[in-house]
1. What is the extension gain from residue 214 to residue 226, computed as 0.36 nm multiplied by their sequence separation minus the C-alpha to C-alpha distance, in nm to one decimal?
2. For residue 337 paired with residue 308, estimate the spin-label separation in nm (one decimal), with each label point 7 Å from Cα along the Cα-to-Cβ line.
3. Report the Cα centroid-to-centroid distance between the stretch 223-265 and the stretch 99-167 in angstrom, as an integer.
4. Against the longest principal axis of the chain, how steep is helix 193-208, in degrees 0 to 90 to the nearest 10, with axes from Cα atoms?
5. For the chain, just run the numbers: alpha carbon Rg, then divide by 2.2 N^0.38 Å, N being how many residues it has.
6. If each DSSP helix of 4+ residues adds -39,500 (n - 2.57) and the sum is divided by the residues in the chain, what number results at 222 nm, nearest 500 deg cm²/dmol?
7. Write down the percent of antiparallel bridges among all DSSP beta bridges whose residues are both part of the chain, to the nearest 5.
8. If you find the alpha carbon centre of the stretch 1-71 and of the stretch 302-361, how far apart are they in angstrom?
Ligand SMILES: [Zn+2]
Ligand SMILES: [Zn+2]
């Protein structure tokens, strides 16, 4: 292994105790999206104590931050390590974002101490509200990444992967408007909004059989009426449409809208569809950067798992259309353990979780180093990024 990378790895080892502390603080203080005040304060202070300058509230997002090495002039190329730190209602860090933040903190600190002989610099960007809030999208739109050349983070999970596909996503509310009436005395004078919703739901269920395997539609009913003896005048549901490309996501969403319209027509009800922005894009993968990452993972003794075809969505997808981005995963649980669960949160605190944290900090820092040290890699990464996706 490159001697600088060996020194970077040793640097992460010497920081390990501090990194567990970062992960544990976040674990003990879970905050949901855009409420991560303690996390933002803690991480900003931690970085300042370790030779960085931290700016809070970047991009107009109160719980976002940007930390740069105090000793290094700003410049290009710039590697951005992303720290997520939002938790989930009810299950705390059931998505393991405490470990994501700690790994990126470790990568930023370790790399910042081994920049001699390379061009450019790095930054740690605190990106709030990944769970549905799309913090990275707001930061990208506000120009926070304008002077950065690549973005990287690592998500804990059930597999060791240098990257995987993600679904683009549209979330929306469907509302149906009918007419209330006595359900026994004058049902003929009512218009049943619940019937409209049920018909729409069934239309969507049938549509599901005719869509490609790289798409998903799922939803819940949030309003279904007030009492059995009143014809429901209002019904509503929340739905997600996901697909592996932006085009197919939008195509399926068009069809879903027809399903909803047809349900409303059948019941004689009115309807309204309200899209909950931001839409998530699928991830634009960057094979040259993933190859560099994969070599570093393997160099640390991590064996790469085959892709199991399971997909989620994340705001890193949108970001990957602004600049080359990678989103590897490290296994902290066995494949049958579900994400977004208490068990998963607890796994971040186990010896396996801690080992994954240290490894993730190492391979992120090493890949950041590759990017800064090799103009050839940067050229390939940029060429891949320019390809239509
Ligand atoms: Zn999650
Ligand atoms: Zn997550």
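1. Numbers: separation 12, 0.36 × 12 = 4.32 nm, distance 3.76 nm.
Full extension of this stretch gives 0.6 nm more.
2. Going from the residue 337 label point to the residue 308 one covers 1.2 nm.
3. Cα centroid to Cα centroid, the span is 35 Å.
4. The angle comes out at about 50 degrees.
5. Details: Rg = 23.4 Å, N = 389, 2.2 N^0.38 = 21.2 Å.
Against the compact-globule rule of thumb, the ratio is 1.10.
6. Numbers: 11 runs with 158 residues, N = 389.
Estimated from H runs of four or more residues: -13000 deg cm²/dmol.
7. On the way: 37 of 52 bridges.
That works out to approximately 70 percent antiparallel.
8. First find each Cα centre; the distance between them is then 18 Å.
We did not get these values from a lab; they are worked out from the coordinates using the rules stated. What you see is a predicted model; the values in this text were computed from it and never measured. With ideal geometry, Cβ positions are generated from the backbone for all residues, glycine too; neighbour counts draw on all protein chains shown.
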